[in-house]
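Quick notes on the structure that follows.
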């Protein structure tokens, strides 16, 4: 990155229906979960993700909706 350039923000630029993939670290920060936990959930197939060149990529808005649904589910049905 050259001097004066800013780092990417990994946000959708204000477009409500835009879906942006985000690498593991920034996704974990935006979701406020440990990166190790997010990686584990993805590897177990419980969180949708893409894997490109060994890197995990997430649609943060989609993952957030899934996590909210899990949190609201009755106990014992959190992964349904």
>> Order these by the 10 Å Cβ neighbour count, fewest first: 59, 53.
In response: 53, 59
> Cα-based Rg (one decimal) and Dmax (whole number) for segment 21-72, in Å?
Replying inline: 10.0, 34
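Here, each number is a calculation from the coordinates, and none is a lab measurement. It should be emphasised that the depicted structure is a prediction, and the values quoted were computed from it without experimental measurement. Note that we place each Cβ from the backbone using ideal geometry, even for glycine, and neighbour counts take in every protein chain shown.
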